[in-house]
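Student: Shown below is the structure under consideration.
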Amino acid sequence: MKRINCNPRPGWKAFAESVGFNFHTFDGEPYWDETAYYQFSLAQIEQDLEDPTEQLHQMALDLVDDIVTSEQKLTQLAIPEPFWDAVLASWRAKEPHLYGRMDFSYNGKGPAKLLELNYDTPTSLYETGFFQWVWLEDMLMRGALPQGADQFNSLQDKLQQAFSELNLPQPFYFASVTESIEDKGTVDYLMDIALQAGVNCRYIQLEQLGDIDGQLVDLDGFPIQGLFKLYPWEFMLQEDFASTILTSQTQFIEPLWKCLLSNKGILPLLWQKYQGHPNLLPAFFDDGSNLQPGWLRKPLLSREGANIELLTDDGKRLTQDGPYNDSGYIRQQLAALPQFDNNYTLIGSWVVGDSAAGIGIREDNSLITKDSSRFVPHIILD
Amino acid sequence: MNQQFKRSKTARLIMMVPAAGLVLAGCGEKPVEVQVFNTPDECAAYYNPPAECKAAFAEAKALHPQVAPRYANKQECETDFGIGQCESAPVVAANNTESTPQQSQQSSGFFMPMMMGFMAGQMLNRGGMASAPQQQTASATRSPVPNQPLYKSRDDRSTFRTATNTAVASQPGTTSIRPSAVQPKAGSLARRGGFGAQAARRSSSSFGG
């Protein structure tokens, strides 16, 4: 695994915008960054990332069985009690799931360490599945990369296959928060793939979802039988329409049981069950005591690096503010992100259905990866 | 191909890449011919395929509880539609598929007029007779004129009206209408804005992660 500087393709921004990538720049700073790429060996990809991803995914699924029947664990994960039965029912009914992403600290040697699961509303999907793929093909065509360079990125193929096999109710709706351009981009990408898989897709702004007698309805008042929502379950469970979730005859993607795996509390539970597993870090529910050097504290429910407190091995404290200070916390042993040319590098490893489906790399100048962290492409070359 | 690649074979987009878009304005909308009937038997008597008549009637019947105007009590409903012409409105529940609807039997506490006839929007597509009703997709049944229930008001028992009170015909058979005037809307008012409050409170560029 190494980081190699390279020249951006001339005119790539205009091209990006022409294919719907409207969030390539974040607050004036580059988000998509093609001034460098990472190179992996095939063995690194297959043995250190792909195999552990599928193994950890199965371990997480096995854990769901333990959680849904344990009041103690449901309480530890702060799942609101009125929804316990619905979570259990959603799991027992084997409601299908589409995708997830796990984040790793990995430097090319030794086992990748699982930092967390993003199993409800994972993003950076378009950048990984489409734009990174196009970058590789384009660079190969220009002779700017060695012939034979490949990429661990079957994301779009696997998503299309999943959409064609999920047998979704139709029309199938996709919803995201109106104000988020990035989330709309992600949803547009998923709708595009679903459309190619033959799904009759409709978009509805999340805030426009309606309720008639406890049934979710579209703008014309027709029942919504299938809904992809790019909006976290933990929010939905505490908003005005929370009770609608219990009564509406709607198949959700991701299904309700995914709220267990998108919760950081899954990390201590994984450690309890599989203590010593090479890809896991010691993790515990937070008892409120002072952090020891080499540990970090993060909320049960948060995203994009928000509200994380971290103490390096030499006792330096790092904190990241954010809007997620209202849930419980866990603590996890620090697996400091590796540094390449002064960049801290994090690997997001995708799962579609139950298969590993590729990686996307984020870089930041801090140990905490955030929504503004740059996305850098990668290649496989032996 | 000998080599096993680790990347997608293709990655194409069909929707995100904007085509030279054609925006259809509302002006110059052409009327289309539809048929209205009291019953499926009457429909068949007008030389329509009986199976299609039954299917159109079934679709209209399924739509009826979703689009019929709703009243808080029976008296108000009967004022508009006549004594004995109203029924209790069920809770609207999701269908398994749009062609085989399942209506909840649970009463919503509201009242609605009884369905007095139906409009068949699909059968006159003589060029497109191949599409059997049970194979029609949701978009096909909704466009341009969905099969839908019709009603008759208390003071005008001969005129067929849509759920939104658009008069469409005064006798059974073929009639001509503008599609935009007869698009069904849900009869009951949806509550909206029940999701998204957390997003508004926690300002962020994304609610994924």
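The values are calculated or read from the model by the stated rules, or taken from the named source; none is laboratory data. Everything numeric here is computed off the predicted structure, so don't read it as measured data. Neighbour counts are summed over all protein chains in view; Cβ atoms, including those assigned to glycine, are modelled from backbone coordinates with ideal geometry. Side chains are part of the model used for accessible areas, which takes the heavy atoms of the whole protein and leaves out ligands, DNA and RNA. Shrake-Rupley method; radii C 1.70, N 1.55, O 1.52, S 1.80 Å.
Student: Rounded to the nearest 20 Debye, what is the dipole magnitude of the protein assembly as shown about its Cα centre when Lys and Arg each give +1 and Asp and Glu each give -1 at the C-beta? Could you put the intermediate results ahead of the total?
Tutor: On the way: 48 positive and 67 negative charges, 169 e Å.
The calculated dipole for the protein assembly as shown is roughly 820 debye.
Student: How high is the FRET efficiency from A:Ser355 to B:Lys54, r the C-beta distance, R0 56 Å, rounded to 0.05? Kindly include the intermediate steps, with their values, before the conclusion.
Tutor: Numbers: r = 45 Å, r/R0 = 0.81.
FRET efficiency, A:Ser355 to B:Lys54: 0.80.
Student: Take the Cα atoms of the stretch A:23-152, find their three principal axes, and give me the spread along each one in whole Å, biggest first.
Tutor: The principal-axis extents, from largest down, are 57, 36, 25 Å.
Student: Using 7 Å Cα-to-Cβ label points, what is the A:Gln205/A:Asp240 separation (nm, one decimal)?
Tutor: 1.4 nm
Student: Probe radius 1.4 Å, ligands and nucleic acids ignored: give me the carbon and sulfur share of the accessible area of chain A as a rounded percent. Don't skip to the end; give the middle numbers.
Tutor: Numbers: 6220 of 13480 Å².
Carbon with sulfur: 46 percent of the solvent-accessible area.
Student: Compute for the stretch A:237-351: radius of gyration divided by Kirkwood radius, i.e. Rg/Rh, restricted to C-alpha atoms, rounded to two decimals.
Tutor: Details: Rg = 16.7 Å, Rh = 16.3 Å.
Taking Rh as the inverse mean 1/r over Cα pairs, Rg/Rh reads 1.03.
Student: So what does A:Arg362 come to for accessible area, using a 1.4 Å probe and Å² rounded to 10?
Tutor: Here the residue's solvent-accessible area equals roughly 30 Å².
Student: Just from its helices, what would the mean residue ellipticity at 222 nm be for the protein assembly as shown, if runs of 4 or more DSSP H residues each count -39500 (n - 2.57) and the sum is divided by every residue, rounded to the nearest 500 deg cm²/dmol?
Tutor: Working: 16 runs with 141 residues, N = 591.
It comes out at -6500 deg cm²/dmol, rounded to the nearest 500.
Student: Hey, which lysines would be in cross-link range of A:Lys94, C-alpha to C-alpha under 24 Å, not counting anything within fewer than 8 residues on its own chain?
Tutor: In chain and number order, the partners are A:Lys73, A:Lys158, A:Lys229, A:Lys258, A:Lys264, A:Lys273.
Student: I want the antiparallel fraction of DSSP beta bridges within chain A, as a percent rounded to 5.
Tutor: Values: 52 of 68 bridges.
So the antiparallel bridges amount to about 75 percent of the total.
Student: Now a separate question. Whose amide H sits under 5 Å from the amide H of A:Val217, counting only residues 5 or more places off or on another chain, with H placed in the peptide plane?
Tutor: Answer set, sorted by chain and number: A:Gly210, A:Asp211, A:Ile212, A:Ile224.
Student: Compute, for the stretch A:29-113, the length of the dipole vector about the Cα centre, with Cβ point charges of +1 (Lys, Arg) and -1 (Asp, Glu) only. Units Debye, rounded to 20. Intermediate results must be reported in sequence, preceding the final value.
Tutor: On the way: 6 positive and 16 negative charges, 30 e Å.
My answer is approximately 140 debye.
Student: If you don't mind, there's one more thing I want to ask. Give or take rounding to whole Å, what are the principal axis extents of the alpha carbon atoms in the stretch A:117-233, in descending order?
Tutor: Result for the stretch A:117-233: principal-axis Cα extents of 60, 29, 27 Å.
Student: Between the alpha-carbon centers of the stretch A:82-101 and the stretch A:292-355, tell me the distance in whole angstrom.
Tutor: Taking the Cα centre of each part, the stretch A:82-101 and the stretch A:292-355 sit 26 Å apart.
Student: Which whole number gives the average, over all residues in A:114-126, of C-beta atoms from other chains lying within 10 Å of the residue C-beta? Provide the component values of the computation, followed by the final result.
Tutor: On the way: counts 0, 0, 1, 0, 2, 0, 2, 4, 2, 5, 3, 1, 2.
The per-residue average across the peptide is 2.
Student: Right, something else. Along the Cα→Cβ direction, 7 angstrom out, place labels at A:Ala78 and A:Met141. What is the inter-label distance in nm?
Tutor: 4.8 nm
Student: Projected onto the charge dipole of the protein assembly as shown (+1 at Lys/Arg Cβ, -1 at Asp/Glu Cβ, origin at the Cα centre), which of A:Pro52, A:Asn343, B:Gln4 gives the Cα projection farthest towards the positive end?
Tutor: Of the options given, the answer is B:Gln4.
Student: In Å² (nearest 100), what accessible area is buried between B and A, both sides summed, heavy protein atoms only, 1.4 Å probe? Spell out each step's value before the answer.
Tutor: Working: alone 14160 and 16100 Å², together 24570 Å².
Roughly 5700 Å².
Student: How big is the protein assembly as shown along each principal axis, measuring the range of its Cα positions in Å and listing the largest first?
Tutor: Sorted largest first, the three principal extents are 87, 56, 41 Å.
Student: Go through the stretch B:176-185 residue by residue and turn each phi into a ³J(HN,Hα) via Karplus (6.51, -1.76, 1.60, θ = phi - 60°); whole Hz please, and just put x for glycine and proline.
Tutor: 10, 9, 8, x, 5, 7, 10, 7, x, 10
Student: Sticking with this one: Using the scaling law 2.2 N^0.38 Å as the reference, what is the normalised Cα Rg of the stretch A:73-145?
Tutor: Cα-based Rg divided by the globular estimate yields 1.70.
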